[in-house]
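S.K.: One structure is given below, represented as structure tokens, and several questions about it will come after.
Every read-out reported here was derived from the displayed coordinates using simple, explicitly stated rules and does not represent laboratory data. Quick caveat, the model's predicted, so the values are computed rather than measured. Counting neighbours? That spans all protein chains shown, and the Cβs are built from the backbone with ideal geometry, glycine included.
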Amino acid sequence: EMGIRTVAVYSEADRDALHVRFAHEAYPIGPPPSSESYLRIDKLLDVAKRSGAEAIHPGYGFLSENHEFSRACRDAGLVFVGPPPEAMQAMGDKVRSRDLMTKAGVAVVPGSPPLKDAAEAVAAAEKIGYPVLLKASAGGGGKGMRVVRSSAELPSLLAQAQGEARSSFGDETVFLEKYVERPRHIEVQVLADAQGNCVHFGERECSIQRRHQKLIEESPSP
């Protein structure tokens, strides 16, 4: 619609996907497992080089919040449609961003450092108080999250969250936060360009969700 020629990539499982049919060009990048296709930075950059692409839009999930991918694009002379790697590294890791916000004086929900094993998770959960939420440190889009209501179910849910985080983001680091029942999810989105201009879009209500993924955003929030 904007007159920009588009190049799609797809795994074997997505050969007939809508984005593949709509793009001007489409390149296969590997078998169905994301670790062998959509999470392979080298394959994505190879397609960009072969197709003569000037920019990469990362979509959501997979490498969209991966600072190494953002940096690799910049090093290859490609425009990464998203934050610079420095900003992404600071905020893309939820454990690190919690620490940054705490140092800045922002109130955060009680939580834990990265979890090494189930025993550490149980100890942290008892300190925080049930229910707790397992969260992938590199996560986004509701992936790698599990609500835990008792110590009995924590080990199995921890393994599930780690597995989903590993397959979705290539990083199985998870931590705990206090789970807030029936919260109101209010956020303010900020956009900045490469010339130093910065704007915000006021506050938005994002409480209507499915599987911790936002479905509707309303502004101003009721």
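S.K.: By the scheme Lys and Arg +1, Asp and Glu -1, what is the net charge of all other residues having a beta-carbon under 11 Å from that of ILE41?
M.R.: With Lys, Arg at +1 and Asp, Glu at -1, the net is -1.
S.K.: Length gain on complete extension for the stretch GLU181 to TYR60, per 0.36 nm per residue less the alpha carbon to alpha carbon distance?
M.R.: Going from the current span to full extension adds 40.9 nm.
S.K.: If you don't mind, there's one more thing I want to ask. Only loop residues by DSSP count here, and only those with at most 13 other Cβ atoms within 10 Å; note down the trypsin sites (Lys or Arg not before Pro) in region 94-152 that meet that.
M.R.: Listed in order of number, the matching sites are LYS116, ARG149.
S.K.: Taking every pair of alpha-carbon atoms in region 33-101, what share in percent sits in each 5 Å bin, from 0 to the bin with the longest distance?
M.R.: P(r) for region 33-101, in whole percents per bin: 4, 17, 27, 24, 15, 8, 4, 1, 0.
S.K.: Kindly express, to the nearest 10 degrees and within the range 0 to 90, the angle between helix 94-103's C-alpha long axis and the longest C-alpha principal axis of the chain.
M.R.: 60
S.K.: Another question, then. Do you know the relative contact order of region 28-181, to the nearest whole percent, from alpha carbon pairs under 8 angstrom that are 6+ apart? Don't jump to the answer; show the numbers that get you there.
M.R.: Working: 239 pairs, mean separation 33.4, N = 154.
Reported relative contact order: 22 percent.
S.K.: Name the residue, out of GLY129, GLY111, GLY77, whose mean-square fluctuation peaks in a Gaussian network model built on the chain with Cα pairs under 10 Å.
M.R.: Result for the chain, Cα springs under 10 Å: GLY77 fluctuates most.
S.K.: Only sites in a loop by DSSP and with at most 11 other Cβ atoms within 10 Å count here; which GluC sites (Glu not before Pro) in region 1-110 make the cut? Provide the component values of the computation, followed by the final result.
M.R.: Values: sites: GLU1, GLU12, GLU25, GLU36, GLU54, GLU65, GLU68, GLU86; in loops: GLU1, GLU54, GLU65.
Listed in order of number, the matching sites are GLU1, GLU54.
S.K.: Going toward the positive end of the dipole of region 122-222, with +1 on Lys and Arg Cβ and -1 on Asp and Glu Cβ, which of GLN195, ALA138, SER219 do you reach last?
M.R.: Comparing the listed Cα positions along the dipole, ALA138 ranks first.
S.K.: Let me ask something else about it. Antiparallel versus total DSSP beta bridges in the chain: what percent is that, nearest 5?
M.R.: 75
S.K.: Determine ³J(HN,Hα), in whole Hz, for all residues of region 151-157 in sequence, where each value follows from phi through the Karplus function 6.51 cos²θ - 1.76 cosθ + 1.60 and θ = phi - 60°; x replaces Gly and Pro.
M.R.: Working through the residues one at a time gives 5, 5, 8, 5, x, 5, 5 Hz.
S.K.: Additional query: Mind checking region 4-62 for trypsin sites (Lys or Arg not before Pro) that DSSP puts in a loop (not H, G, I, E or B) and that have at most 15 other Cβ atoms within 10 Å?
M.R.: ARG5, ARG15
S.K.: Related question: In nm, to one decimal, how far is the modelled label at LYS214 from the one at GLU25, with both set 7 Å along Cα→Cβ?
M.R.: 3.4
S.K.: Further, regarding this structure: Using just the C-alpha positions of region 86-154 as equal point scatterers, what log10 of I(q)/I(0) does the Debye formula give at each q in 0.15, 0.18, 0.26 1/Å?
M.R.: -0.53, -0.75, -1.26
S.K.: Would you compute, from DSSP H runs of 4+ residues alone, the mean residue ellipticity of the chain at 222 nm, taking -39500 (n - 2.57) per run and dividing by the full residue count, rounded to the nearest 500? Provide the component values of the computation, followed by the final result.
M.R.: Working: 7 runs with 70 residues, N = 222.
-9500 deg cm²/dmol, from helical runs alone.
S.K.: If you take the Cα Rg of region 1-116 and divide it by 2.2 N^0.38 Å, with N the number of residues, what do you get?
M.R.: 1.27
S.K.: Same structure again: Using amide H atoms built 1.01 Å from N in the peptide plane, name the residues 5+ places from TYR10, or on other chains, whose amide H lies under 5 Å from its own.
M.R.: Those lying under 5 Å, H to H, from TYR10 are TYR27, ILE29.
S.K.: Compute the Rg to Rh ratio over region 108-218 from the alpha carbon atoms, using the Kirkwood formula for Rh, and round to two decimal places. Don't skip to the end; give the middle numbers.
M.R.: Details: Rg = 15.9 Å, Rh = 15.3 Å.
Here the Rg-to-Rh quotient is 1.04.
S.K.: Suppose R0 equals 22 Å; then what is the FRET efficiency for ALA194 and ALA90 from their Cβ-Cβ distance, rounded to the nearest 0.05?
M.R.: 0.80
S.K.: While we're looking at this one, here's another question. Please compute the modelled spin-label separation between SER167 and VAL109, points set 7 Å along Cα→Cβ, answer in nm with one decimal.
M.R.: Taking the two extended label points, one gets 2.4 nm.
S.K.: Please state, to two decimals, what the Cα-based radius of gyration of the chain comes to when divided by 2.2 N^0.38 Å (N = residues).
M.R.: Compactness ratio reported: 1.12.
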